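These notes are about the structure you will find just below.
The values are calculated or read from the model by the stated rules, or taken from the named source; none is laboratory data. Computed from a predicted model, the values in this text were never measured in an experiment. Note: ideal-geometry Cβ built from the backbone for every residue, glycine included; neighbour counts use all protein chains shown. Each accessible area value is taken on the protein alone, full model and side chains, heavy atoms only, with ligands, DNA and RNA left out. Shrake-Rupley method; radii C 1.70, N 1.55, O 1.52, S 1.80 Å.
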Amino acid sequence: MHQARSTVQWQAMEKAHHLAPFCHYQQLQAKGPRIIKSAKGVYLYDNDGNVILDAMAGLWCVNLGYGRQELIDAASRQMAELPYYNLFFQTATPPVIELSSQLAALAPAALNRVFFTGSGSEANDTVLRMVRHYWACLGQPQKQVFISRHNAYHGSTVAGASLGGMAPMHRQGGLPIPGIEHIAQPYWFAEGGDMAPDDFGIWAAEQLRERIDSIGPEKVAAFIAEPIQGAGGVIVPPDSYWPAVKKVLADYDILFVADEVICGFGRTGRWFGSDYYDLKPDLMPIAKGLSSGYLPIGGVMVSDKVALVLIERGGEFYHGFTYSGHPVCAAVASENLRLLDSEGWVERAGKQIGPYLQKRWRELAEHPLVGETRGVGMVAALELVKDKSARSRFDSKGSAGALCRDLCVENGLIMRAVGDTMIISPPLIFTEAHVDELISKTHRCLDLTLKALRA
C-alpha cells in the first residue's frame, strides 16, 4: 500500500515525476491534480475526504461500480494459478477461451470470434491492420481507404487518432496517416442549421455515399463509426441516420466497423449499441465496460465473413501484443460479464433506471443555460448556450463547459465537459436516488455556472 501523505505532498511528487494523459501541463502544474484515494459503489473519495458522485463511471467503463468483491476475487484466483502467459506461438489459456465463448454468445449475430488487445485504442489499430489484410487476402490490396467522421473518437494511438476525427489530435504528430478520410458527423444541434433533424440525418448519411463515389468503391476498405459518438459529446444521431447509412452500405462492397468501446456492455440499455440501432457490423472494437474498468482489456469482435477469409487464406497475421488476452484481465472480464448477465444490469438499464435517468435529465432543458438535452439508456448530454432560441455558443469556446466542470467537482459531482457540452455516463448500478442526486447537483452547478458567466 502507498504511504499516507498530504494532498500537497502527493501533488508535489506528481508535478516532479508524472506526465498525465490528455492534460494541459501548464494548467496542471499551476494548480495540481485532485488526488483520488478510494472509491465504493458510485462514489469517489479524494485525499481530503471529499465525497464525489461519479457520473462518468471512471471513463465510461465502471459499469458495475467500485468495490465488487467478485471481480477482486477473480483476479486473485487467476493470479495464483496463472498470472501471465502470452498467446503467441500457438498457445491459449482457459480464461481467454472462456471469455471468447461468452462474447460470441452476447455479440450481434455472426460475430463469433474475438482478437484480444489491451485497450480500445489497440483494438482500432487492430481493425486497421485486419481489414487491409482481409482485402489483400481476397486479391484486392488496393482497398485501403477507411472513411470515418469528423469529431469521432477511436483512440489515441497513431492509427486510432487518425481514424478519429478530432482536429486538436490531428494537429499533433502529423496525423492523420494516409488512407483515412472523414465525412460529416450527425450532430444536428451544432451543425444542422435550419434543417429538420431527420432531414439532417439523411443528409449526413448521404455524405458517406458521396465520399465512397468520389474515392472510388474499389479503393474503400471500410466505414468506421460509433453508434453514439461518445467523447465527441454524446452525439445521438437523428432517427433517420442509421437506417439511411445501412442503405448506403448495402450498395457497396465495403466493411462496416461499429466502434463499441463506449456503447458496449449495457451503456445504451442493450448489450451493444449495434443491438439498439439494429446494425450489422463486420468488425466490432470493444473495451471499457468489458471488465468494468477493473483491469485493462479490449478486443475486436470479428464476423464469420471476415474471420473465415483470414483463417482459410491469410497465412500468418503479423500482429499482436504482449498483453493480448492477459489471463488475469480475461478472468476478471469473464466474471464481469457473468455478473452483468446474471444480475440483470443491462436489462435494468434499458427498462428501469435508464428511462428514469432520461426522464429526469430532460427536466434540465428548462434551465436558461441549456440549449438541448439528449441521451440513450445510461449516457446523456446537455448543451450550454448563450442563446437558447438561436442555439448560439459563448464567445470563448469551451469556457462555459470548463467552468461548469470545475464547479461540478467542487460540489461533489463528476460531469465531463466536451467544449461547452456537458456529458454523463453513470455506472449501471445507479439507483433512482442516485439519479435524483445527480439532477439536483447538476441543477445547482448550472445555476452557479450561469451566475459566474453573468458576473
How do the pairs read when you match residues in region 315-339 that are within 15 Å of Val300 (Cβ to Cβ) and part of a helix (DSSP H, G or I) with residues anywhere that are open to solvent by less than 10 Å² (accessible area, probe 1.4 Å) and not aliphatic (A, V, I, L, M), using Cβ under 6 Å and keeping only pairs 6 or more apart or on different chains? Ala333/Ser291
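Quick one: would you say Arg393 is without any contact (Cβ under 8 Å) to a residue 40 or more places away in the chain and closer than 30 Å to Asp341 by Cβ? Show your work before the answer.
Numbers: without any contact (Cβ under 8 Å) to a residue 40 or more places away in the chain: yes; closer than 30 Å to Asp341 by Cβ: no.
For Arg393, the condition - without any contact (Cβ under 8 Å) to a residue 40 or more places away in the chain and closer than 30 Å to Asp341 by Cβ - is not met.
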Within region 425-446, how many residues are more than 20 Å from Gly269 (Cα to Cα), out of contact with any helix residue (DSSP H, G or I) (no Cβ under 7 Å at 6 or more places or on another chain) and without any contact (Cβ under 8 Å) to a residue 60 or more places away in the chain? 2
Does Pro237 fit the bill of being surrounded by fewer than 21 Cβ atoms within 10 Å (Cβ to Cβ), within 23 Å of the chain's Cα centre (by Cα) and within 30 Å of Ala365 (Cβ to Cβ)? no
Could you look through region 162-196, keep only residues that are part of a helix (DSSP H, G or I) and aromatic (Phe, Trp, Tyr), and pick out the one that is least open to solvent (accessible area, probe 1.4 Å)? Phe189
Please give the strands (runs of 3 or more DSSP E) falling wholly within region 197-307 in which 1 or more residues are closer than 25 Å to Glu372 by Cα. 220-225
Criterion first (in a loop (DSSP other than H, G, I, E, B) and either touching a residue at least 60 places away in the same chain (Cβ under 8 Å) or open to solvent by 30 Å² or more (accessible area, probe 1.4 Å) (or both)) does Thr91 satisfy it? yes
Quick one: which residue in Lys31, Lys40 is surrounded by fewer than 16 Cβ atoms within 10 Å (Cβ to Cβ) and modelled with pLDDT under 95? Lys31
Inspect all residues belonging to region 218-227 and state whether any of them is crowded, with 24+ Cβ neighbours inside 10 Å, among the β-branched types (Val, Ile, Thr), touching a residue at least 24 places away in the same chain (Cβ under 8 Å) and in contact with a Gly (Cβ under 7 Å, 6 or more places away or on another chain). no
Quick one: count up the residues across region 119-140 that are over 12 Å from Ile286 (Cβ atoms) and outside any helix (DSSP H, G or I). 3
Name every residue in region 293-350 that is among the acidic types (Asp, Glu) and at pLDDT 95 or above, in order of residue number. Asp304, Glu312, Glu335, Asp341, Glu343, Glu347
Of all residues in region 1-28 being open to solvent by less than 50 Å² (accessible area, probe 1.4 Å) and part of a helix (DSSP H, G or I), the one that is farthest from Gln172 (Cα to Cα): Thr7
(1) within 30 Å of Glu343 (Cβ to Cβ); (2) at pLDDT 95 or above: which one isn't true of Ala109, the others all being true? (2)
Considering residues of region 416-455 that are open to solvent by less than 30 Å² (accessible area, probe 1.4 Å) and polar (S, T, N, Q) only, the residue nearest to Ser392 (Cα to Cα): Thr421
